[in-house]
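Peer 1: Can you read through this structure? Questions will come right after.
The values are calculated or read from the model by the stated rules, or taken from the named source; none is laboratory data. In this text the structure is predicted, and so the values were computed from the model without any measurement. Don't worry about glycine lacking a Cβ; one is built from the backbone with ideal geometry, like all the others, and counts go over all protein chains shown.
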Amino acid sequence: MIEFDRVSVTYAGAGAPAIRDVTLTVGEGELCLVAGHTGTGKSTLLRAVNGLVPHFTGGTLAGRVTVDGRDTRTHPPRELADVVGYVGQDPLHGFVTDTVEEELAYGLEQLAVPAPVMRKRVEETLDLLGIADLRHRPLRTLSGGQQQRVAIGAVLTAHPRVVVLDEPTSALDPTAAEDVLAAITRLVHDLGITVLVAEHRLERVAHAADRLLYLAGDGTVVDGPPADILATAAIAPPIVELGRIAGWSPPPLSVRDARRRAGPLRDRLAGHEPPTRDHGGDGTVGLRATDVVVRYGRHVAVTGVDLDLHAGTVVALMGRNGSGKSSLLWALQGAGPRQRGTVTAGGADPAALKPADARRRVGLVPQTPADLLYLDTVEAECAAADREAAASAGRCRALLDGLAPGIPGDRHPRDLSEGQRLALVLAVQLTAAPPVLLLDEPTRGLDYTAKHRFTGIVRDLARRGTAIVVATHDVELVAALADRVVVMAQGEIVADGPTADIVVASPTFAPQVAKVLHPQPWLTAADVAEALS
Amino acid sequence: MGTLPRAVHPGAWWLWALGLATAASRTTNPIVLALIVAAAGAVVARRRGDAPWALAFRLYLMLGGLIVASRLLFRVVFGGGGGVHVLFTLPEVPLPAWAAGIRLFGPVAAEELLSGLYDGIRLAAMLICLGAANALANPKRLLKLVPAALYEAGTAVIVALSVAPQLAESVLRVRRARRLRGGAGKGVHALRAILLPVLADALDRSLTLAAAMDSRGYARAGTTPRPVRLAGGALVVGGLLGVCVGVYGLLDATTPRALGLPVLAGGGVAAAAGLLYGGRRVRRSRYRPDPWRLPETLTALCGAGAGALLFATAAVDPADLYPSLSPLTWPQLGVLPALAVVVAAAPGWLTPPPPAFAPVPAEVAA
C-alpha cells in the first residue's frame, strides 16, 4: 500500500538529511507504529506519505514514495486526499469548519462526492466513531479526545486506504487516549485500513501495533516486529524495561502478556520493599489554600478546594481534561481568577501582590511554555530573566546549563526542541527562586530521555526544599516522580494521598509496572531493578 | 403553516433584510421606523435558532441606540439653535474667528433635536434590519453561496473569520502568561512581549491549517490544464476592471461617453463569462445545501414588497414619510406604510420554524 524506495529528505539549510535512504513497504491493513526520539524525523516520515513533504514543507526528496500506485512526486497532497487521510498533532488547529457535521463533510465536498453518498458516509462515520451525539456541536467546545476522534472521522469519510496520525494521544488523559486507540484499532481490524501512527508514549500503543518503524537518530529506519526492536532500542515503555530486568525474551508489550509471565518475578520480589524517596526540606507548609473557588460565568471550574503544599514534596495533580487542574494552578499562583477562598504563600496572598513579588513566592510554568518567550535568542531571554527577577547577571544561564547543558546562546527559542524550550522556561521561572513551583502539563511532547532528565531535575529541586506541583496525564511520569497524588474531578479533589496508595489499585492511573506486579506496590522498573541488584 | 422545522435559505433572509433596509431608508417618520424595527425584531424572535450568531441581534439593537444617542449629542454640542422652539440654552463657548460657522453649545431648539433624532433613528433602523439578517442566517453559510469560481476567495474569508476569535484568545493567554514573568516592562516593551508570541502562534496555526486543508483536497485542480485556468482568472479580473471604469465613466460627466455604458456592459459580460467558465472547471459538491422553496420566495417577496410600498408612498403622499419640522407637526402613520410593516413582519409566520438542536452542556460552553 505504501512504498518507500531509497527515500532521503533534506531540508534547506540542514547539514544532514532528516531521513536517509529509507526503503520499506507497508502492506494493507497494517497498524504501523513510528517511534524514535524527538527530532529524528518521525513527522518527516509521516508527512512524506501524503506528499506534504516536500510539496508543503519544502526541502529535497530523493528516491520515490508511492501510495496505492500514485507517486507523491507527481501528486501533491490534495490529489492524494482520497487515498491518504492525514491527522496532524493538534486537531483543533486543523479544523476548517465550525461544527462536527460540516467538518466531516468538508473533505467530501472537495472530492466532489455526490450529495446522497456524502450524506450516507457522514452518518456512517458518526456511528463508527461513536460521535453521533456530537453532530451539531461547535468543534471548539469538544474535549481533547472528542476532537481527536472528529479529526479522524473527518479524514475517514473520504474512505482513504491509509490513515496517518501524528501523536494522536499525547495531549489526552488516559481514558480519552484509550477511546482514540480503540477507534484506531477498529479501523485496522474492521475496515482493513492501513494505519501509520507516530507516538512518544509507546506504553499506550505498542501492544496494538503489528509493526514498528524505529528511527534510530541518524536518519535510518529500523523495521520489524515491535517486541524484537524494543528489546534493544534506546527507547522503551516501562513494561519492556521490566521485561529486560526480568530477562524475558522477547519482551512483553501488553500488561496481560507480562502478568502471565510475572509469577516468578513477584516471588523474587516478595521479601523486598519498594524504596522510599528521600524527602528534602523540613516538611513545612509552603502554600496553604482553603476553599478556593474559580468560576467562568455559570461554569464552576474549581469548587471549594483545600490544599496544603509541603516543602520538599512533589505532588502530582491528575484528573481528566477539563477537571479544573489548570484553573486551580493559576488560582494558586495568583495570576488567574479566584472568586472565593484564601491562598497563603510565605505569609501573603500572591494574588494581592505585584506580579513581580508573586512570582518570587509561587512560580508557574504554563501549558504552552512558549507564551513566556518573546526575544530572539536564548542569551537575550536569559538576560531579560535576570533583570526581571533582579537576580545577579548570569544566574538564569547558569540554571539553564544545569537543566540542559549545551544550548547555544544565539539559538532562537522557537528553534529549540520541546525539551530544551521547557528547560529554558523552567530556568526563567527558577531565576526568581520561588519556594513553590507549579508545572502545568510539562511533559507533553517530551520523549523518554527528555522525560527522564526532567524527572531528575524536579526530584533535585524537591531535595533542596521546593514544594512542587505537576499537573499531568502521564501515569508513568507520576509513578517515577511524585510523592503524593491529588486527583480532581469536576472541580473537586476526589483523592489525595501517597502515590502508591492512590495509583496502585486505580484502573486508569496505575502505571504498567504496578499493573503487572499487583498486589505488590511497585511503581517503576527502576525501583524493581534497584531491589533486585 | 404546518411545515417541518428546517433552516431557511440564508439568501432569502438577506434579500428580506435588504428590502426592509431600503424601506427604512425612504422615511424619517419615527413611527414607521419604529414599526419596521419591531417587525424585524418579531421575525428574529420567532425564527432565530440557538446558534451563537443568533444572539448578535441584541448587539445590533444596542449599536442602534448608540447611533441615535450620538446624533442627539452632536446636535446639542454643535449648535442646535436652528428653530423657533428653543428648549434650553447652554453657555456658548467662544471660538476664534477662523472657525466661523461652527458653534459650540448655545441655545438648543426642538426642531434641531427632532431632526437629529429622526436621522439617527433612520440610520439605526437600517443597521438593525441588517443585524436581523445576521441573526437569522449564518453568515458563513451565505459565503458558501458564492459562485464556484470564487470558491477559493470565499474559503479564505471563512478561514479569516474563524482565525480572528482565536487571535483574541491567544492575546488573552499570552497577557495572562506575562504576569508569570513578573509582568515587567511598559509601553513598547510590553507590547512586543505580547505581540511576538501571539503572531508566532498565529503563523503556526495558519500553517497547520493550510497543511490540513491541502491534505484534505482543498483546491484540487482535477485535470484542467493551466492555460485554461489562467484564461478564466484573466477574464474575471479584466471584466471587473472594466466594470469599475464603466461606473466611473457613467458617474463622471466630463469623461467621454464611450467610457461609460459600453465599457460597463463589456466588463460585466467578461466578468460573468469568466465566472461561468471558471466555475465549470471546478468539481466540488455541497453537503446538505439549503433548499429554496416557497417560503424562501415569499420571504424575499415580503422584503421587496415592504420596500416597494414605501417607494409608492413617496409618490402618493410624501408628507407621511417626512414629517414636517417647520412648522412642527406630529408624525402620522399612513395606510401604505402600515401595510408595508405588516408585510415586513409576515415571514415570521410564513417560514418554517428553525430546527432545534440539543443544547450545548453548560460546562463545555464556558
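Peer 1: If I filter segment B:160-184 down to residues being aliphatic (A, V, I, L, M) and surrounded by fewer than 17 Cβ atoms within 10 Å (Cβ to Cβ), which single residue comes out as nearest to B:V43 (Cα to Cα)?
Peer 2: B:L161
Peer 1: Regarding B:V360, is this residue touching a strand residue (DSSP E or B) at 6+ places or on another chain (Cβ under 8 Å) and either in a helix (DSSP H, G or I) or modelled with pLDDT under 85 (or both)?
Peer 2: It is true that B:V360 is touching a strand residue (DSSP E or B) at 6+ places or on another chain (Cβ under 8 Å) and either in a helix (DSSP H, G or I) or modelled with pLDDT under 85 (or both).
Peer 1: Inside segment B:72-185, counting only helices (runs of 4 or more DSSP H) that do not spill past its ends, which hold 2 or more residues that are more than 14 Å from every other protein chain (Cβ to nearest Cβ) and small (G, A, S)?
Peer 2: By residue number, B:110-136.
Peer 1: Could you tell me whether segment B:193-215 includes any residue that is more than 13 Å from chain A (Cβ to nearest Cβ) and at pLDDT below 85?
Peer 2: Among the residues of segment B:193-215, not one is more than 13 Å from chain A (Cβ to nearest Cβ) and at pLDDT below 85, which makes the answer no.
Peer 1: Looking only at segment A:507-517, decide whether some residue is without any contact (Cβ under 8 Å) to a residue 24 or more places away in the chain and surrounded by 15 or more Cβ atoms within 10 Å (Cβ to Cβ).
Peer 2: So far as segment A:507-517 goes, no, none of its residues is without any contact (Cβ under 8 Å) to a residue 24 or more places away in the chain and surrounded by 15 or more Cβ atoms within 10 Å (Cβ to Cβ).
Peer 1: While we're on this one: Only one of A:T97, A:T141 is modelled with pLDDT under 90, surrounded by fewer than 18 Cβ atoms within 10 Å (Cβ to Cβ) and facing chain B (nearest Cβ under 10 Å); which?
Peer 2: A:T141
Peer 1: Now a separate question. Which ones in segment A:126-138 are more than 10 Å from chain B (Cβ to nearest Cβ) and either hydroxyl-bearing (S, T, Y) or in a helix (DSSP H, G or I) (or both)?
Peer 2: A:L126, A:D127, A:L128, A:A132
Peer 1: Next question. Go through segment A:333-366 and give me each residue that's farther than 20 Å from A:A289 by Cβ and in contact with a Ser or Thr (Cβ under 7 Å, 6 or more places away or on another chain).
Peer 2: none
Peer 1: Moving on to the next point. From A:V205, A:V164, grab the single residue that is modelled with pLDDT of 95 or more and crowded, with 19+ Cβ neighbours inside 10 Å.
Peer 2: A:V164
Peer 1: If we scan segment A:366-386, do we find a residue that is within 30 Å of A:S43 (Cβ to Cβ), touching a strand residue (DSSP E or B) at 6+ places or on another chain (Cβ under 9 Å) and modelled with pLDDT of 90 or more?
Peer 2: yes
Peer 1: Separate question: Please enumerate the residues belonging to segment B:287-303 that are assigned to a helix (DSSP H, G or I) and in contact (Cβ under 8 Å) with a residue 40 or more places away in the chain.
Peer 2: B:P295, B:E296, B:T297, B:L298, B:T299, B:A300, B:C302, B:G303
Peer 1: Also: Sort out which residues of segment B:241-257 are at pLDDT 85 or above, exposed (fewer than 15 other Cβ atoms within 10 Å of the Cβ) and in contact with a helix residue (DSSP H, G or I) (Cβ under 6 Å, 6 or more places away or on another chain), and write them in order of number.
Peer 2: Passing the criteria: none in range.
Peer 1: When segment B:278-302 is examined, which residues are found to be modelled with pLDDT of 75 or more and away from chain A (no Cβ under 12 Å)?
Peer 2: Across segment B:278-302, the qualifying residues are B:D290, B:W292, B:R293, B:L294, B:P295, B:E296, B:T297, B:L298, B:T299, B:A300, B:L301, B:C302.
Peer 1: Got a sec? Which of A:L400, A:L422 is out of contact with any strand residue (DSSP E or B) (no Cβ under 9 Å at 6 or more places or on another chain) and closer than 30 Å to A:A198 by Cβ?
Peer 2: A:L400
Peer 1: From the list A:A390, A:A345, pick out the single residue that is within 14 Å of another protein chain (Cβ to nearest Cβ) and either hydrophobic (A, V, I, L, M, F, W, C) or in contact with a helix residue (DSSP H, G or I) (Cβ under 6 Å, 6 or more places away or on another chain) (or both).
Peer 2: None of the others qualify; the one that does is A:A390.
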